[in-house]
Amino acid sequence: MASSISRWAAENALGVADGAIRRMFELGARLRRESSDPVYDLSLGNPHLEPPECWRQAVIDLLEDEPPGQHRYMPNAGFPAVREFIAQREAERFGLPVTPDDVIMTVGAAGGLAITLRTLLDPGDDVIVPAPYFTEYAHYCRLVGARLVAVPTAPDFRLDLGAIEAALTANTRIVLVNSPNNPTGAVYENEDLAALAALLQRASSRRSRELYVVEDSPYRDLVFEGPPAASLMSHYAETVHVTSHSKDLGLAGERIGHVVISPRAAGRSQLQRALPFANRVLGFVNAPALMQRALMRVLGTPGGRVDVTAYASNARALAAGLGELGFEVVTPRGGMFLFPRLPQAWIANFGESADIEFADRLAKRRALVVPGAAFGRSGHLRVALSVPSSEVTGALAAFRAECQAFDPDPKRAPGGHFGAAAPSTLPRIE
Ligand SMILES: Cc1ncc(COP(=O)(O)O)c(C=O)c1O
């Protein structure tokens, strides 16, 4: 029968490409329905920390005492005063002369990515992304007829510059870099970003069209060890930086973020006009008004950020616990996730689908994580840090029990399977 909806919607919304994370979400709901026993859900990157108290107070104050007209339409790029405030902060952060015209307030980082990709890409263009990577990128690229080209990172998740260079073709339009990284927690070193910039500059000099960097950094203020997250804005002129306050202020549901155009970008003035236009016609129109205004009262104030030590201590506890069980763990320096590699015995037994097998068996013990294949690297699990520490303890107990009960035969796994997903149901890596 002919589909009632578009081919894109049928393939993507009803298809199997979105399988792994959604499946875990549905499994969690089912486990909670079936029993009131706790579920240790480390599958989603939903910030569990409440927004800072000063944000709550700012919203109350703004509503109690405001001039008329604060909730109407506004310029598509956002309130001028808010853009000026953000531009000043970003100029300081990046050491660049960022002006309000370089700042576009967006509906979260996702909205920022959507308008940036729509503005830069033509059908047939390629977007290179270091893998493992945030699965939604594949959808964003498909929406504009572009192709996501996943390029592996090193085993410790550092950028593999040789692999990126080898993947560059005449079709490459964007290198999409996400640091601190979802799913690995890697925070790219300044020297690696400088080397990447040098490589891209060399490649650009041989091309007629700009080669852009889109830097997706919603976790940039969630760094809990070492120096702050470095940025390609300092190294590469054709950079568009995308960020949000979904994580540092715990406002994922309020949808507030922004895009910064590098003041050194050759296409700066075109981007300044085109990005707000994309914000308008993609249906965002403008970023939420109240959230924009609240930022001016919260950012940079004492207590104007969630306490990242909660993520740091979860990272340490999970890294230590999983390390003892034979997982190979690169302890994350920031972000909200850990991406451990399964013990060798599991890989030897289950090969490519070891991560799916383990996640399925763990779910039987009421602990949820996402198989790494969903992010472009099998043999790993993505474990979210954004949960209360009691859930970390519960999940670690489930990991321990599963490792102790290790039985390579799925038929003898405790309680059988949940109708395990075959690898083919995981997102296609293009
Ligand atoms: C890497 C990455 N980019 C973008 C986003 C979207 O963030 P936002 O909620 O600000 O739209 C997320 C959300 O989890 C993410 O992990």
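The values are calculated or read from the model by the stated rules, or taken from the named source; none is laboratory data. Keep in mind that what you see is a predicted model, and the values were worked out from it rather than measured. Cβ sites come from the backbone with ideal geometry, for glycine too, and all protein chains shown count toward neighbours. To get the accessible areas, we keep the full protein, side chains included, count just its heavy atoms, and leave off ligands, DNA and RNA. Shrake-Rupley method; radii C 1.70, N 1.55, O 1.52, S 1.80 Å.
Here ASN182 fulfils each of the conditions (1) more than 21 Å from the chain's Cα centre (by Cα); (2) of a type outside the set (Asp, Glu); (3) within 15 Å of the ligand (Cβ to nearest atom) apart from (1). Can you find a residue that is farther than 14 Å from GLY185 by Cβ, in contact with a helix residue (DSSP H, G or I) (Cβ under 6 Å, 6 or more places away or on another chain) and open to solvent by 30 Å² or more (accessible area, probe 1.4 Å) anywhere in the stretch 396-411? Looking through the stretch 396-411, at least one residue is farther than 14 Å from GLY185 by Cβ, in contact with a helix residue (DSSP H, G or I) (Cβ under 6 Å, 6 or more places away or on another chain) and open to solvent by 30 Å² or more (accessible area, probe 1.4 Å).
Since VAL260 meets every condition but one in (1) within 16 Å of the ligand (Cβ to nearest atom); (2) open to solvent by less than 30 Å² (accessible area, probe 1.4 Å); (3) in a loop (DSSP other than H, G, I, E, B), which condition does it not meet? Unmet for VAL260, out of (1) within 16 Å of the ligand (Cβ to nearest atom); (2) open to solvent by less than 30 Å² (accessible area, probe 1.4 Å); (3) in a loop (DSSP other than H, G, I, E, B): (3). ALA237 meets each of the listed conditions (1) within 29 Å of ALA384 (Cβ to Cβ); (2) among the aliphatic types (A, V, I, L, M); (3) assigned to a loop (DSSP other than H, G, I, E, B) apart from (1). Checked against (1) open to solvent by 40 Å² or more (accessible area, probe 1.4 Å); (2) at positive phi, PRO75 meets all criteria but (2). For the stretch 234-245, the set of residues classified as farther than 13 Å from PRO288 by Cα and within 12 Å of the ligand (Cβ to nearest atom) consists of VAL242, THR243, listed by residue number.
Just checking, how many residues over the stretch 164-197 are free of Cβ contacts under 8 Å to residues at least 24 places away in the same chain and more than 30 Å from ALA312 (Cβ to Cβ)?
Filtering the stretch 164-197 down to residues free of Cβ contacts under 8 Å to residues at least 24 places away in the same chain leaves 166, 191.
Then keep just the ones that are more than 30 Å from ALA312 (Cβ to Cβ); that gives 166.
Count: 1.
Cβ-Cβ distances below 7 Å connect the following pairs, each with a first residue in the stretch 364-391 that is without any contact (Cβ under 8 Å) to a residue 40 or more places away in the chain, a second residue that is crowded, with 24+ Cβ neighbours inside 10 Å and among the hydrophobic types (A, V, I, L, M, F, W, C), and a separation of six or more residues or different chains: GLY379/LEU342; GLY379/ALA354. Among the residues of the stretch 360-378, which ones are small (Gly, Ala, Ser), in contact with a strand residue (DSSP E or B) (Cβ under 6 Å, 6 or more places away or on another chain) and closer than 19 Å to LEU325 by Cα? Result: ALA367, GLY372.
When the stretch 255-302 is filtered for residues that are within 24 Å of the chain's Cα centre (by Cα) and polar (S, T, N, Q), the ones remaining, listed by number, are SER262, ASN279, ASN286, GLN292.
Restrict the check to the stretch 328-338 and report whether at least one residue is away from the ligand (no atom under 16 Å from the Cβ), small (Gly, Ala, Ser) and touching a residue at least 12 places away in the same chain (Cβ under 8 Å).
Going through the stretch 328-338, the residues away from the ligand (no atom under 16 Å from the Cβ) turn out to be 328-331.
With small (Gly, Ala, Ser) added as a condition, the list becomes none.
No, every residue in the stretch 328-338 fails to be away from the ligand (no atom under 16 Å from the Cβ), small (Gly, Ala, Ser) and touching a residue at least 12 places away in the same chain (Cβ under 8 Å).
Within the stretch 78-95, the set of residues being among the hydrophobic types (A, V, I, L, M, F, W, C) and either open to solvent by less than 20 Å² (accessible area, probe 1.4 Å) or in a helix (DSSP H, G or I) (or both) comprises ALA81, VAL82, PHE85, ILE86, ALA87, ALA91, PHE94.
Comparison of ARG207, ARG255, ARG202 shows that the only residue that is touching a Pro at 6+ places or on another chain (Cβ under 8 Å), open to solvent by 20 Å² or more (accessible area, probe 1.4 Å) and either more than 16 Å from the ligand (Cβ to nearest atom) or touching a residue at least 60 places away in the same chain (Cβ under 8 Å) (or both) is ARG255. Close Cβ contacts (under 6 Å, 6 or more residues apart or on different chains) running from residues in the stretch 118-134 that are closer than 30 Å to LEU338 by Cβ to residues that are of a type in the set (A, V, I, L, M) and in a helix (DSSP H, G or I) comprise ILE128/ALA167.
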